[in-house]
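These notes are about the structure you will find just below.
Each reported figure results from applying straightforward, stated rules to the coordinates on display, with no laboratory input. Model, not experiment: these values are computed from the prediction. So basically every Cβ, Gly included, is an ideal-geometry build from the backbone, and we count neighbours across all protein chains shown.
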Amino acid sequence: MALGALLQNLLGGRFDLVLIVIMLVVGVLVAYLVGQVSERMLVAAGVGEAVEGTAFERTVGRLGSSTVSMLAGLFALFVVLVFVVLALTISAVLDVRVYLRQFINFLPQLFVAALVVVLGLIVADKAEVFVSERLRSVKLPEIGLLALLVKYSIIYVAALLALGQVGVSNVALLVLLGAYAFGLVFLGGLACRDLLAASAAGFYLLLAEPIAIGDEVRIDGRSGIVQEVDVLVTHVENDGEEFIVPNDRVFRSGIIRVR
């Protein structure tokens, strides 16, 4: 009787072990198929073209991968984790009644958080390029900081959203957001004081209109015809040369209008 019970226990343990191995093997195969299908769908959706040339894509490329492959890998990893949970449940390592529901509820949140971070990095890179191109004509040394500021602000907000997905308190997130906004205003004001001064002077020039397009003027020792006045700079052209003068310099040096 004792020998029969021992054999039954051994066979039962082997059966559980075989079943666990089968579950893990099936999980890996299903994850591989999900990864392949996901990668093809992402390519067909144009994700690869959307992130091409971004800093995030270049970083991932140096690691021997791509953004599309990384996203597909996240899908595959999610499938593997699901099968690992099932295998642990079968082996009685996890009590399904206690942990399974919490684990299943947490996995989608973790997956969404990872997607938010990835999309935030992609959007931040695109926003940096867009702002840099729009402000390319502004000849101020601090203007490059604005593009970086936009980029890292988007990344910071994406990180806060990701933390919110994994259960971080909303109060803590609001405190972090408030601290970032305060630092942004205070430090940004110090770093971009010339840019702010140019903007303030530009608003005055646009509202008061002391000069208009087509006026012949002398500004800061440069003479020419006013071509454009925008918020940050004034464009003056003379004999094929175009002078782009920051508005704070226009405001400080004064304007001589040639009649």
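Numbers below:
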item: Interatomic Cα distance distribution for region 203-259, bins of 10 angstrom, percent; result: 26, 65, 9
item: Per-pair calculated FRET efficiency, R0 = 51 Å: V25 and E133 via Cβ, rounded to 0.05; result: 0.50
item: Residue-by-residue Karplus 3J(HN,Hα) for region 209-221, coefficients 6.51, -1.76, 1.60, Hz, glycine and proline x; result: 6, x, 10, 9, 4, x, 6, 8, 9, 10, 10, 6, x
item: Local electrostatic count at S253 - Lys and Arg +1, Asp and Glu -1, tallied over other residues with Cβ under 12 Å; result: +2
